[in-house]
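Each value in this text was obtained by applying a stated rule to the coordinates, not by laboratory testing. Small disclaimer: the values here were computed from a predicted structure and weren't measured. We place every Cβ from the backbone using ideal geometry, glycine too, and count neighbours over all the protein chains shown.
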Ligand SMILES: Cc1cc2nc3c(=O)[nH]c(=O)nc-3n(C[C@H](O)[C@H](O)[C@H](O)COP(=O)(O)OP(=O)(O)OC[C@H]3O[C@@H](n4cnc5c(N)ncnc54)[C@H](O)[C@@H]3O)c2cc1C
């Protein structure tokens with residue numbers, strides 16, 4: 001049993017269950033509290049990239065994750081009348097080059113995989129949330145919405161970009177939100193175009209994009225648009241749906257039908273893209289991981305990678321320090337800082353092509369590209385950009401120990 005072994009993790013998204021897995025592995029006793037009543041099934045395909053694939057492999061989940069790949073084989077760009085402007089086999093904007101080591105899978109599939117891997121070793125509480133977090137030098141008292149009060153040794157906020165843990169445990173002014181001035185909205189659709197592992201993009205002007213995505217077993221539509229004034233209440237589903245309709249209702253291709261289906265989805269997902277910037281991710285016995293501490297936004301294409309790597313590194317530093325939180329949290333911060341900054345910078349530079357890069361989209365509307373190999377080359381270069389270098393650009397705690405032993 002480790003020192004400081006009672007750890008409360010707030011949030012069962014990607015970072016929370018990954019951290020719980022590794023803490024249990026190292027002899028801690030994690031409890032995860034999730035405000036939803038059950039695992040949230042919404043969202044699109046996400047990308048497990050670079051060192052996050054190593055984390056999955058170390059968890060023994062690589063084969064299972066590979067079996068759940070979306071398997072997207074390529075994509076079309078269409079104009080407002082549905083005419084194909086360009087087609088790329090073996091490459092898609094959401095998933096990159098087909099057959100690479102990166103794993104594109106539905107967010108819900110990844111979340112289920114992580115949950116299944118931790119069910120036995122971790123206590124999960126669904127449908128509840130902390131309403132107060134108070135810490136002394138020796139422990140943290142957490143009051144839950146249900147009225148229950150419990151003591152923990154450490155608390156980890158893994159509750160996403162709008163983290164309530166951050167608001168409760170860190171002073172105002174200790175984080176900055178950087179809005180990127182765009183949003184994405186995603187919902188389930190029927191596969192009415194009968195695609196087989198294929199995606200299609202329609203760019204309406206340079207700032208509105210609609211994507212029809214039919215991966216193995218799930219079909220989704222995604223809308224993305226510039227909206228610099230955006231400051232949304234994520235719980236006000238009605239006005240988010242109305243906003244989406246207003247912005248896209250006059251667009252061509254199949255947009256009207258996609259709007260109808262997406263806005264009827266109960267698990268409709270909407271995100272105004274924002275980054276979280278903090279000088280320190282810990283305060284006493286409370287620490288943040290994933291989007292809660294350093295959201296890079298979906299425009300980075302590396303949010304899930306950051307969350308999984310961050311969780312693995314945090315658990316590794318706690319284990320290496322034998323539960324001594326102060327030094328472990330400091331080393332976690334030092335190790336993660338350059339990696340986080342690179343991921344966030346990539347998003348600001350327009351890393352994720354399907355969300356950013358208005359000029360590219362304008363050109364797509366204007367020209368009918370016949371040179372597909374050239375197009376594929378340009379797109380893979382633009383889409384990959386610095387991703388490979390950044391996604392592999394961090395060493396894990398045990399790798400330092402190995403290097404030190406060898407020296
Ligand atoms: C439903 C959903 C769909 C998504 N879809 C996409 C997508 O299509 N594309 C993309 O790039 N990114 C998407 N994301 C974001 C992406 O999953 C994250 O950026 C990334 O995986 C980092 O994960 P995380 O665990 O830090 O945060 P998240 O995945 O956001 O997980 C945070 C978890 O904390 C829970 N939570 C929040 N507040 C509280 C609280 N007060 N108490 C208890 N629990 C709380 C949330 O319900 C959620 O389960 C989605 C997130 C969600 C929640």
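Miscellaneous remarks
- Global form of the stretch 275-330, assessed from the alpha-carbon gyration tensor, a/c cut-off 1.5: oblate
- Counting neighbouring beta carbons within 10 Å and listing from fewest to most, the residues 222, 336 come out as 336, 222.
- Relative contact order of the stretch 143-297: 36 percent, from C-alpha pairs under 8 Å at least 6 residues apart in sequence.
- Share antiparallel - DSSP beta bridges, the stretch 6-406, percent rounded to 5: 75 percent
- Convex hull volume per residue, computed on the Cα atoms of the chain, equals 137 Å³.
- Distance from the Cα centroid of the stretch 300-341 to that of the stretch 62-90 is 34 Å (rounded to whole angstrom).
- Convex hull volume of the Cα atoms of the stretch 59-104, normalised per residue: 72 Å³.
- Principal-axis analysis of the Cα atoms of the chain puts helix 15-25 at an angle of about 40° to the longest axis.
- When the square roots of the Cα gyration tensor eigenvalues are ordered a ≥ b ≥ c, the ratio a/c for the stretch 133-220 is 1.5 or more and a/b exceeds b/c, which makes its shape prolate.
- Degrees between helix 303-320 axis and first principal axis of the chain (Cα, 0 to 90, nearest 10): 20 degrees
- Semi-axes of the equivalent ellipsoid for the stretch 183-297, Cα gyration tensor, largest first, Å: 30, 17, 13
- The stretch 235-293: Rg to Rh, with Rh as the Kirkwood radius over Cα pairs: 1.22
- Rh by Kirkwood over Cα pairs, then Stokes-Einstein D for the stretch 1-155 at 0.890 mPa s and 25 °C, µm²/s: 138 µm²/s
- Tilt relative to the chain, helix 255-264 - C-alpha long axis, 0 to 90 degrees, to 10: 30 degrees
- Residue order, fewest to most beta carbons within 10 Å, for 198, 281, 22: 198, 22, 281
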